[in-house]
Amino acid sequence: MSSTVYTPDGSYQWYSDFGMEATETHGHNDEDLNLPPLAFEKPDGYTDNLVSITDSATNNIFKVEADGDVHVSEKITAKQATFSDGVELVGDGALGFLPEDAQGNPIPDRLFRFGRNDDIGDFTHEGDGIQLWGKINNNDCAVQMGILPQEPSISIRGFKNSGENYFEIRESNGDLKFAINEDGHILSSYIVDPSNAGDTYHASSVHTAESVYVGPARVSYNNGKLRFYTLKSN
């Protein structure tokens, strides 16, 4: 492996054959090894890479450019990262989340992703955007958000427990404003208070035989006749 160090007054290079170096055996007391941290000072006007690591075919593995930009060929692993000016995803880039159980093991059949569709071979880019997917009780449960005209803007697939909604909007105090429940019924605040219902216009509508209500009155169709009923006050 060859290494080069650049300084304001020139560059220095050395080469090592690992496993073939001459070795010297001697001891030091701990206080004798006072090694400073590695530090570089970039000369004025210097435009080449500050750090450059390549493989034997001169393919870049890691480099730090003169302006401080860092390039890594494969992957960065860290416990935490902070970005002050944002993160830009390009090409097949995506931001993903891999959930783990209490023992730190990845939970199988889970995908939480923002950016490129997980099927990067799909060059239509259908499915790009937000993808949330999991297999629960052997059922595919997913939420997809995209912008292409050939796909739904928001697509929901799966199942819900009894009493849970697929979609809902609530006020800040928690009162329900709008929801679509597990059976596909549309719920709104007018169910609790009919006075909350707004005016609607329909060119035509279809009802079951006993499903038209006007105030306390009910209009039904029984035995081939249209019938009118008045409901009890309670």
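The values are calculated or read from the model by the stated rules, or taken from the named source; none is laboratory data. The shown structure was predicted, so the numbers you read here are calculated from the model rather than taken from an experiment. Note that each Cβ is placed from the backbone with ideal geometry, even for glycine, and that neighbours are counted across all protein chains shown. Side chains are part of the model used for accessible areas, which takes the heavy atoms of the whole protein and leaves out ligands, DNA and RNA. Shrake-Rupley method; radii C 1.70, N 1.55, O 1.52, S 1.80 Å.
Using a probe radius of 1.4 Å on heavy atoms only, what accessible surface per residue do you get for the range 79-171? Whole Å² is fine.
On the way: 7270 Å² over 93 residues.
Per-residue value: 78 Å².
At R0 = 25 Å, how high is the FRET efficiency between Val51 and Leu98 if r is their beta carbon distance? Nearest 0.05 is fine.
On the way: r = 30 Å, r/R0 = 1.21.
E(calc), rounded to 0.05, equals 0.25.
Using DSSP to define loop residues, name the trypsin sites (Lys or Arg not before Pro) in the range 151-232 whose beta-carbon has at most 10 other beta-carbon atoms within 10 Å.
Sites meeting the loop and neighbour criteria: Lys232.
What base-10 log of the normalised intensity I(q)/I(0) is obtained for the range 53-122 from the Debye formula, alpha carbons as equal point scatterers, at q = 0.15, 0.21 Å⁻¹?
With no solvent term, the Cα-only Debye profile gives -0.80, -1.17.
Pick out, in residue order, every one of the chymotrypsin sites (Phe, Trp or Tyr not before Pro) in the range 147-234 that is DSSP loop and has at most 16 other C-beta atoms within 10 Å; say none if there are none.
Loop-located and lightly packed - Phe159, Tyr201.
Grab the alpha carbons of the range 178-233, take their convex hull, and tell me the volume per residue in Å³.
Taking only Cα atoms, the range 178-233 has a hull volume of 137 Å³ per residue.
Among the GluC sites (Glu not before Pro) within the range 82-150, which fall in a DSSP loop and have no more than 10 other Cβ atoms within 10 Å of their own Cβ? Let's see the in-between values first.
Working: sites: Glu88, Glu100, Glu126; in loops: Glu88, Glu126.
Loop-located and lightly packed - Glu88.
Apply the Kirkwood formula to the range 87-126: the hydrodynamic radius equals the inverse of the mean of 1/r over all pairs of different alpha-carbon atoms; give it in Å with one decimal. Mind dumping the intermediate values first?
Working: mean 1/r = 0.0851 Å⁻¹.
When all Cα pairs of the range 87-126 are included, the Kirkwood radius is 11.7 Å.
Using 7 Å Cα-to-Cβ label points, what is the Val206/Asn105 separation (nm, one decimal)?
The answer from the label model is 5.1 nm.
Need one number for the range 90-234: average projected area of the convex hull over its C-alpha atoms, nm². Walk me through the numbers on the way to the answer.
Numbers: hull surface 63.3 nm².
Taking the Cα atoms of the range 90-234, their convex hull projects to 15.8 nm² on average.
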